[in-house]
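Okay, so here's the structure we're looking at.
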Amino acid sequence: DGGITQSPKYLFRKEGQNVTLSCEQNLNHDAMYWYRQDPGQGLRLIYYSQIVNDFQKGDIAEGYSVSREKKESFPLTVTSAQKNPTAFYLCASSMSRGGVDEQFFGPGTRLTVL
Amino acid sequence: GQQVMQIPQYQHVQEGEDFTTYCNSSTTLSNIQWYKQRPGGHPVFLIQLVKSGEVKKQKRLTFQFGEAKKNSSLHITATQTTDVGTYFCAGRGGWTPLVFGKGTRLSVIA
């Protein structure tokens, strides 16, 4: 089955530790995205990548880092510099086809920093 | 930067009542998309609107894109319990990434 996988579903970390969230897609999509979702805040863009080995900052990139070494993978690292890392993190991918560039979302990772 | 405002934040309706959520952008949009997120789930794409004044229907859902391409609405006729969730609009201006509204959370009372 084609889709986007994110693991784990729930993640707990101690304050001050870096943590990496995985995102893998087998949809052959060029573009991938990371969003953060907080209650009542909608989806806020952290980083996005439109092609392998290239990525751009979104609206709330501070305290986060990414890499895009393979088309299928776009891991997100939440660093200790992120002041309030507890949130629901969503990965998405898209590929323009016939003008419709809908985003396909993974199931998300709920990160809790203790 | 581009901002997308969505109202209302919450809506509680009796089953069978209609529901509408509105989306307004600070800038002209090249297209607007709508997503639905069920409780505990992830957003799922519903539709994309591109043309000024465009209206599209999906069964009981009607989507509109304003003439100035700065506002949009989603209307659900005769809500059902399966409509429960949060509805997001997301707008794009040119080649910039999608900007999501904060969403409208719909509760349906049976």
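The values are calculated or read from the model by the stated rules, or taken from the named source; none is laboratory data. Predicted model, so just to flag it, every value in this text is computed and none were measured. We place every Cβ from the backbone using ideal geometry, glycine too, and count neighbours over all the protein chains shown. The protein model used for the area step is the full one, side chains on, heavy atoms only, and it has no ligands, DNA or RNA in it. Shrake-Rupley method; radii C 1.70, N 1.55, O 1.52, S 1.80 Å.
Quick look at the numbers
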quantity: Filtered residue count, segment A:23-36, keeping only those that are outside any loop (DSSP other than H, G, I, E, B) and open to solvent by 30 Å² or more (accessible area, probe 1.4 Å); calculated: 1
quantity: Filtered residues of segment A:83-114 (kept if open to solvent by 30 Å² or more (accessible area, probe 1.4 Å) and more than 9 Å from chain B (Cβ to nearest Cβ)); calculated: A:LYS83, A:ASN84, A:THR86, A:MET95, A:SER96, A:ARG97, A:GLY98, A:ARG110, A:THR112, A:VAL113, A:LEU114
quantity: Test: A:VAL78 is open to solvent by less than 10 Å² (accessible area, probe 1.4 Å) and of a type in the set (Val, Ile, Thr); calculated: yes
quantity: Candidates A:THR5, A:THR20 - the one that is out of contact with any His (no Cβ under 8 Å at 6 or more places or on another chain) and either assigned to a loop (DSSP other than H, G, I, E, B) or closer than 29 Å to B:LEU106 by Cβ (or both); calculated: A:THR5
quantity: Which listed residue, of B:THR104, B:THR86, B:THR82, B:THR62, is among the polar types (S, T, N, Q), open to solvent by less than 30 Å² (accessible area, probe 1.4 Å) and without any contact (Cβ under 8 Å) to a residue 24 or more places away in the chain; calculated: B:THR62
quantity: Residue within segment A:32-48 that is charged (D, E, K, R) and under 9 Å from the mean Cα position of the chain (by Cα) present; calculated: yes
quantity: Unmet criterion (only one of (1) buried (at least 18 other Cβ atoms within 10 Å of the Cβ); (2) not in a strand (DSSP E or B)) for B:GLY53; calculated: (1)
quantity: Any chance A:GLU69 is open to solvent by 50 Å² or more (accessible area, probe 1.4 Å), under 22 Å from B:VAL99 (Cβ atoms) and out of contact with any Asp or Glu (no Cβ under 7 Å at 6 or more places or on another chain); calculated: no
quantity: Residue count, segment A:72-114 (criterion: in contact with an Asp or Glu (Cβ under 8 Å, 6 or more places away or on another chain), more than 14 Å from A:GLU24 (Cβ to Cβ) and part of a strand (DSSP E or B)); calculated: 4
quantity: Filtered residues of segment A:55-82 (kept if without any contact (Cβ under 8 Å) to a residue 24 or more places away in the chain, within 24 Å of B:GLY1 (Cα to Cα) and away from every other protein chain (no Cβ under 14 Å)); calculated: A:GLU62, A:GLY63, A:SER65, A:GLN82
quantity: Positions within segment B:8-50 being farther than 30 Å from B:TRP95 by Cβ and buried (at least 19 other Cβ atoms within 10 Å of the Cβ), in sequence order; calculated: B:PHE19
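The rows are residues; the columns are (1) away from chain A (no Cβ under 14 Å); (2) under 14 Å from the mean Cα position of the chain (by Cα); (3) within 30 Å of A:TYR10 (Cα to Cα).
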residue: B:GLN2; (1), (2), (3): no, no, no
residue: B:TYR10; (1), (2), (3): no, yes, yes
residue: B:VAL44; (1), (2), (3): no, yes, yes
residue: B:GLN48; (1), (2), (3): no, yes, no
residue: B:LYS56; (1), (2), (3): no, yes, no
residue: B:THR62; (1), (2), (3): yes, yes, no
residue: B:ALA68; (1), (2), (3): yes, no, no
residue: B:THR79; (1), (2), (3): yes, no, no
residue: B:ARG105; (1), (2), (3): no, yes, yes
